[in-house]
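The values are calculated or read from the model by the stated rules, or taken from the named source; none is laboratory data. On a predicted model such as this, the values are computed, not experimentally measured, just so you know. Positions of Cβ are backbone-derived with ideal geometry, glycine not excepted, and every protein chain shown enters the neighbour counts.
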Amino acid sequence: MRFRQIEVFHAVYTTGSISAAARMLHVSQPSVSKVLQHTQQQMGLALFRLVRGRLVATDEAHALFVEVSAVFEQLGSLQRTVGNLKNLSGGHVRLAVVPSLGLQLAPLAITQFRKLHPEVTFDVQTLHHNELFAALYERSCDIAIAYDAPTHPRMTRLDLGTAQLMLLFQRASLPDAGDTVSLQRLEGRDMVGLTTGGPVGELLNGELRRLGIQVREVVSNQTFYIAAALTRCGAGMAVVDEFTARASVDAGTAFRPFSPALRFKVQCVHLEDRPPSRAAGDFLSLFGRLLDEALGTT
């Protein structure tokens with residue numbers, strides 16, 4: 001069956017008459033009759049019978065209508081998708097973030113955005129730095145939010161804010177901590193989480209090498225929130241991003257920024273030939289505002 005035949009059959013079945021079907025389709029009654037008659041001849045089936053002046057669907061028509069309804073449901077889904085692409089009343093955002101942004105900031109941003117735009121849905125991944133860009137290349141995400149993304153000819157970067165590294169520690173291990181701490185305070189200390197990959201890890205390790213500071217790495221790991229959990233359990237101090245630090249403090253754990261500050265950029269990255277959709281662009285605007293609030297820059 002061609003789609004026009006499916007459309008006419010659906011209209012006649014649901015309305016129960018040729019005239020009503022014609023009005024639904026905005027065509028003439030002879031046009032509907034001709035298409036329906038051709039369809040029955042082509043299929044070799046009687047789909048409707050005239051009983052006391054009214055069309056009555058046959059058993060074959062009932063069975064066919066089940067399949068036709070599924071086609072119309074798919075058509076409706078297609079039409080909604082087209083509408084979603086044209087305006088913000090719908091859409092789907094595929095987002096990848098580094099794990100520390102997945103602790104609180106990204107969930108908060110998504111929740112607030114969906115309160116404003118409930119028709120927008122999200123697919124969210126938390127990936128390590130190198131995995132984020134592989135996800136963009138493989139097109140399993142549309143936008144990625146990362147720290148100090150490297151330059152690349154196929155990538156476009158958008159600055160969202162500037163954050164800094166923090167020292168996370170048990171209060172008893174650094175009772176005289178002031179408002180800030182120097183990297184020199186780490187000399188000889190038990191530390192966790194110093195092998196975190198990516199540019200933020202390189203920022204810390206580069207400063208330690210430049211200043212000639214030697215620390216005792218007791219646990220190696222690749223994820224800031226695991227380093228924070230180890231610190232809370234008493235394994236040692238950890239240098240983490242401030243989002244992880246703020247989400248990890250408790251009665252016995254505190255954090256301080258370094259002096260001088262170790263700063264890095266929070267950036268959105270997307271493929272150059274795949275700019276963010278309207279929904280994704282508006283989400284990034286909201287994310288940027290929440291980022292400013294979290295960083296105390298507003």
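Remarks
- One residue alone among Thr126, Thr156, Thr151, Thr180 is closer than 28 Å to Pro257 by Cβ, surrounded by 15 or more Cβ atoms within 10 Å (Cβ to Cβ) and of a type outside the set (Lys, Arg), and that residue is Thr126.
- Restricted to segment 89-187, the set of strands (runs of 3 or more DSSP E) holding at least 1 residues that are within 23 Å of Glu272 (Cα to Cα) and basic (Lys, Arg) comprises 91-97, 155-170.
- Applying the set (1) closer than 26 Å to Arg94 by Cβ; (2) touching a helix residue (DSSP H, G or I) at 6+ places or on another chain (Cβ under 8 Å) to Ile213 leaves exactly one unmet item: (1).
- Residues that are among the aliphatic types (A, V, I, L, M) and either out of contact with any Gly (no Cβ under 9 Å at 6 or more places or on another chain) or under 30 Å from Ala144 (Cα atoms) (or both) were ranked within segment 57-75; the one that is modelled with the lowest pLDDT is Leu75.
- 3 or more residues in the same structural domain as Leu105 (by TED's automatic domain parsing) and over 19 Å from Arg185 (Cβ atoms): qualifying strands (runs of 3 or more DSSP E) within segment 233-298: 263-271
- Residue count for segment 76-97, restricted to those that are at pLDDT 70 or above and either surrounded by 14 or more Cβ atoms within 10 Å (Cβ to Cβ) or touching an Asp or Glu at 6+ places or on another chain (Cβ under 6 Å) (or both): 7
- Verdict on Leu194 being part of a loop (DSSP other than H, G, I, E, B) and either at pLDDT 90 or above or crowded, with 17+ Cβ neighbours inside 10 Å (or both): yes
- Residue list for segment 1-40, filter: crowded, with 18+ Cβ neighbours inside 10 Å and among the charged types (D, E, K, R): Glu7
- Asn130 passes every criterion in (1) within 22 Å of Val192 (Cβ to Cβ); (2) modelled with pLDDT of 85 or more apart from (2).
- Lone qualifier among Asp282, Asp250 - being among the acidic types (Asp, Glu) and either under 19 Å from the mean Cα position of the chain (by Cα) or surrounded by 16 or more Cβ atoms within 10 Å (Cβ to Cβ) (or both): Asp282
- Against the list (1) more than 16 Å from the chain's Cα centre (by Cα); (2) more than 24 Å from Ala294 (Cβ to Cβ), the condition Leu136 fails is (1).
- From the options Glu73, Glu60, Glu138, residue that is charged (D, E, K, R) and assigned by TED's automatic domain parsing to the domain that holds Arg278: Glu138
- Sole exception among (1) over 28 Å from Glu293 (Cβ atoms); (2) in contact with a Cys (Cβ under 6 Å, 6 or more places away or on another chain) for Ser220, by number: (2)
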